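K.L.:
Structure below; questions to follow.
The values are calculated or read from the model by the stated rules, or taken from the named source; none is laboratory data. These numbers were taken from a predicted model, which means no experiment stands behind them. As a convention, Cβ positions derive from the backbone with ideal geometry for all residues, glycine included, and neighbour counts pool all protein chains shown. Just so you know, the surface numbers come from the protein's heavy atoms only, side chains and all, with ligands and any DNA or RNA stripped out. Shrake-Rupley method; radii C 1.70, N 1.55, O 1.52, S 1.80 Å.
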Amino acid sequence: MTDPLTPLRLAAERRDHAGMRRVLQPRAAADEVLDLASNDYLGLARDLRVTEAAGRAARRWGAGATGSRLVTGSTELHAGFEAELADFVGAPSSLVFSSGYLANLGAVTALTGPDTLLVCDTANHASLVDAARLSRATLVVTPHRDVAAVGRVLSGRTQARAVVVTDAVFSVDGDAAPVADLHATARANGALLLVDEAHSLGVLGPGGRGMCAAAGIAGEGDVVQTVTLSKSLGAQGGAVLGDPVVAEHLVNTARAFIYDTGLAPAAVGAAAAALSVLREEPELASRVRANAAELHGLLRSHGLTSPEPDGAVVAVRVGDPGVAVAAARRLLDEGIRVGCFRPPSVPDAASRLRVTVRADLTPDVLARAASGVERALAAVVNP
Ligand code: PMP
């Protein structure tokens, strides 16, 4: 009899040989490391106004939501936050999910079906890719940020319905999608546009209202937005925003909403408090953008290849996954934590260091980060 775990052990060995093994690295509550890997763009995850609100929400509403949203998991706290979030982003309604991943899964699968043409950018986030796979729609993947290709695919469609799906800011290279042009193309072809604002809420648009707000298309009937509450808002959870008929449809058909326990009250309370901070301090969003531009300039001045950042994510193209991993490890030894993207998250030979900035980083810290990245890469390439 073969051991059912043998294929897993063999796969682990193959990963080891290819230098692709990932391991969890639990961090201490208070480490001295300069964190440039998190998505806490506004530095709100540990802001007392946010953490205290989480505690208050847990004490008042309970540690868990106690049930799915359609049974006991919708509290007045959830409803109040949904109204606040929709108002902030400029959409007529919003619906909270227990993660951004599930918001994408729920939105894409509920808004498509076997009669739908689904057009996705090749660099879309994994949650959108998984959603497309589950959707049973006819899927066409278009080249990165190629509006003309989207137009050609849409104009040749035979399906009754069409949905165009894109990240607003792409998570690997930090570049932005041409959402205004995509919307014009989608509208000309009677398609819905779904924009994942995971990396743009709190960063782009007026006061951090996101990319659709920046492009003047938030609240349009043929635009659906998804967000995560786990990046700029420093909490946990996700949401889908759009016309009330979209919310109504999701409540009735999105399995990722219906069969999942509602978002924990602490996370809702934290996200609501973070949103209030963002309303009161809109300069947080512009500070993140300025810090990303500053870091990008410094990295370029050190001779590194880094695409222009449109949000908080600054990528450094490295190529070889072994070099990327070794450089990230070296940086951590020096007290700087950066992200490392390698296959299967990116294509072969397209590995990157991924440095995310926060609103609270000072010029000194940015300079330390840029020279640290340069030194680490140089030491790995020319040991
Ligand atoms: N969309 C994008 C573009 C993301 O980067 C992420 C998170 N990495 C998600 C969706 C998923 O959000 P969450 O972490 O809240 O599940």
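K.L.:
What's the Cα-based Rg to Rh of the chain, Rh via Kirkwood?
P.N.:
On the way: Rg = 21.1 Å, Rh = 21.7 Å.
My calculation of the ratio gives 0.97.
K.L.:
Give me the Kirkwood hydrodynamic radius of region 260-383, using the inverse of the mean 1/r over all pairs of distinct Cα atoms, in Å to one decimal. Could you put the intermediate results ahead of the total?
P.N.:
Details: mean 1/r = 0.0630 Å⁻¹.
In region 260-383 this quantity evaluates to 15.9 Å.
K.L.:
Could you work out the percent of alpha carbon pairs in region 93-141 separated by over 13 Å, rounded to a whole number?
P.N.:
Working: 617 of 1176 pairs.
Tail of the P(r) past 13 Å holds 52 percent of the pairs.
K.L.:
So which helices of the chain fit the span-like rule, where a helix is a whole DSSP H run, its Cα atoms reach 24 Å or more along the axis, and its mean Kyte-Doolittle is at least -1.0?
P.N.:
Numbers: long enough: 283-301 (27 Å, -0.14); 363-381 (27 Å, 0.86).
Helices meeting the criterion: 283-301, 363-381.
K.L.:
Let me ask something else. With N set to the number of residues, divide the alpha-carbon radius of gyration of region 149-236 by 2.2 N^0.38 Å and report two decimals. Intermediate results must be reported in sequence, preceding the final value.
P.N.:
On the way: Rg = 13.4 Å, N = 88, 2.2 N^0.38 = 12.1 Å.
Working it through for region 149-236, the quotient is 1.11.
K.L.:
Counting trypsin sites (Lys or Arg not before Pro) as exposed when in a DSSP loop with at most 15 other beta carbons within 10 Å, what is the longest stretch of the chain free of them? Don't skip to the end; give the middle numbers.
P.N.:
Values: sites that count: Arg21, Arg22, Arg27, Arg46, Arg136.
Counting at most 15 other Cβ atoms within 10 Å as exposed, the longest clean stretch of the chain is 137-383.
K.L.:
For a Förster distance of 35 Å, can you work out the FRET efficiency between the beta-carbons of Ala11 and Ser68, rounded to the nearest 0.05? Walk me through the intermediate numbers first.
P.N.:
On the way: r = 35 Å, r/R0 = 0.99.
After rounding, the FRET efficiency stands at 0.50.
K.L.:
Percent antiparallel among DSSP beta bridges with both residues in the chain, to the nearest 5?
P.N.:
50 percent
K.L.:
Taking all protein chains as present, what is the carbon and sulfur share of the accessible area of the chain, in % to the nearest whole number, probe 1.4 Å?
P.N.:
Working: 9080 of 16900 Å².
Carbon and sulfur: 54 percent of the exposed surface of the chain.
K.L.:
Among Ala12, Ala30, Ala91, which one shows the biggest mean-square fluctuation in a GNM of the chain, springs joining Cα atoms closer than 10 Å?
P.N.:
Ala30
K.L.:
Further question: Given the -39500 (n - 2.57) contribution per DSSP H run of 4+ residues, what per-residue ellipticity at 222 nm results for the chain, rounded to the nearest 500 deg cm²/dmol?
P.N.:
Numbers: 14 runs with 166 residues, N = 383.
After summing the helix terms and dividing by residue count, I get -13500 deg cm²/dmol.
K.L.:
Per residue, how many Å² of accessible area does the chain show with a 1.4 Å probe? Show your work: numbers first, answer last.
P.N.:
Details: 16900 Å² over 383 residues.
Ligands and nucleic acids excluded, the result is 44 Å² per residue.
K.L.:
What share of the DSSP beta bridges in region 110-234 is antiparallel, in percent to the nearest 5?
P.N.:
On the way: 1 of 20 bridges.
If I count the DSSP bridges inside region 110-234, around 5 percent turn out antiparallel.
K.L.:
Give the distance, in whole Å, between the Cα centre of region 67-82 and the Cα centre of region 158-227.
P.N.:
Measuring centre to centre over Cα atoms gives 26 Å.
K.L.:
Expressed in whole Å with the largest first, what are the equivalent ellipsoid semi-axes of region 230-312 derived from the C-alpha gyration tensor as the square root of 5 times each eigenvalue? Provide the component values of the computation, followed by the final result.
P.N.:
Values: eigenvalues 245, 58, 31 Å².
Taking √(5λ) for each Cα gyration eigenvalue gives 35, 17, 12 Å.
K.L.:
Here is a further query. Express in whole angstrom the spacing between the alpha-carbon centres of region 311-383 and region 237-255.
P.N.:
Spelled out, the Cα-based centre of one part sits 38 Å from the other.
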